[in-house]
Amino acid sequence: MLFRRWFQVLLPLALFGAYGTVAVLRQQRMETSGFDLGIFEQGVRGYAGLGAPVSALKGSGFNLLGDHFSPVLAVLAPLYRLFPDARTLLLAQAALFALSALPVARLAVDRLGPARGAAVSCGYGLSWGLWTAVGFDFHEIAFAVPLAAFAVEALARGRWRAAVGWALPLLLVKEDQGLLVSAVGAYVFARGRRVLGTATVLAAAGGTALAVLLVIPAHNPGGVYTYAASGSWRGGDPLTRCCCRGRSG
């Protein structure tokens, strides 16, 4: 019990130190870019000023809600208001990634024992996916990582309401996260909690539809959800059909 308590605290702290150091050094060496750090820094700056998440890097007066549905970025506004610097976003991302190791470590140690659980947890924290994300400026998907980790832990423990509670905020991270929320709902349904599972799937479908059919087009200069409007069942280059060629994260 004592090992579990200390390990699940020390591992995220150590990972935050490592992730944060790498991210800040990249910024100091000017290895970061306007895509995506600059775009999101401008968006969070807009929220911090009690305005819209506008990014001039995407286009004059471009509202980021017209690109992706990521209102969760507003969570960073108070912190950015205190520390108005791009490094604030980088360190926040490092903290979010590190936090995701807590439920992984907790579950791994409980199920596998101290030694093997610690090995699995460290393997997660040092995994290629997380380190690649740390080395890729800032991205709103950073919020999804701990939410998904806590949701999966709750599923593994049979805590269905907690799992849904952790999963639903994913709908505020990005419009494509509705697929993950639906998967959580489907699993809960399959495990016998049919009302809760069905409600979760319906919430995911409704939230996604609201984002891509109403909110994003309402804020997009072309009045469309770019990533659907530029697609084609027959393939081809989406940029030849895209009304907004700016890139996002």
Taking the condition of being in contact with a Ser or Thr (Cβ under 8 Å, 6 or more places away or on another chain), assigned to a loop (DSSP other than H, G, I, E, B) and modelled with pLDDT of 85 or more, how many residues in the stretch 192-249 meet it?
1
Any idea which of (1) in contact (Cβ under 8 Å) with a residue 60 or more places away in the chain; (2) farther than 23 Å from residue 211 by Cβ; (3) surrounded by fewer than 21 Cβ atoms within 10 Å (Cβ to Cβ); (4) not hydroxyl-bearing (Ser, Thr, Tyr) is the one residue 90 doesn't satisfy?
(3)
Identify the residue in the stretch 108-131 that is free of Cβ contacts under 8 Å to residues at least 60 places away in the same chain and touching a Ser or Thr at 6+ places or on another chain (Cβ under 9 Å) and, among all such residues, is most open to solvent (accessible area, probe 1.4 Å).
124
Output the residues belonging to the stretch 1-11 that are surrounded by fewer than 19 Cβ atoms within 10 Å (Cβ to Cβ) and within 21 Å of the chain's Cα centre (by Cα).
none
So residue 97 ticks every box in (1) within 30 Å of residue 227 (Cα to Cα); (2) of a type in the set (Phe, Trp, Tyr); (3) free of Cβ contacts under 8 Å to residues at least 24 places away in the same chain but one. Which box is left unticked?
(3)
Among the listed residues 77, 23, 14, which satisfies the condition of being open to solvent by 40 Å² or more (accessible area, probe 1.4 Å), out of contact with any Pro (no Cβ under 7 Å at 6 or more places or on another chain), under 29 Å from residue 104 (Cβ atoms) and among the small types (Gly, Ala, Ser)?
14
Selection within the stretch 177-201 - open to solvent by 70 Å² or more (accessible area, probe 1.4 Å), without any contact (Cβ under 8 Å) to a residue 12 or more places away in the chain and aliphatic (A, V, I, L, M):
190, 195
Name the helices (runs of 4 or more DSSP H) wholly within the stretch 1-86 that hold at least 2 residues that are without any contact (Cβ under 8 Å) to a residue 12 or more places away in the chain and out of contact with any helix residue (DSSP H, G or I) (no Cβ under 7 Å at 6 or more places or on another chain)?
2-28
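The values are calculated or read from the model by the stated rules, or taken from the named source; none is laboratory data. Just so it is clear, the model here is predicted, and its values are computed rather than measured. All Cβ positions, glycine included, derive from the backbone under ideal geometry; neighbour counts span all protein chains shown. Heavy atoms of the whole protein, side chains included, go into the accessibility calculation; ligands, DNA and RNA do not. Shrake-Rupley method; radii C 1.70, N 1.55, O 1.52, S 1.80 Å.
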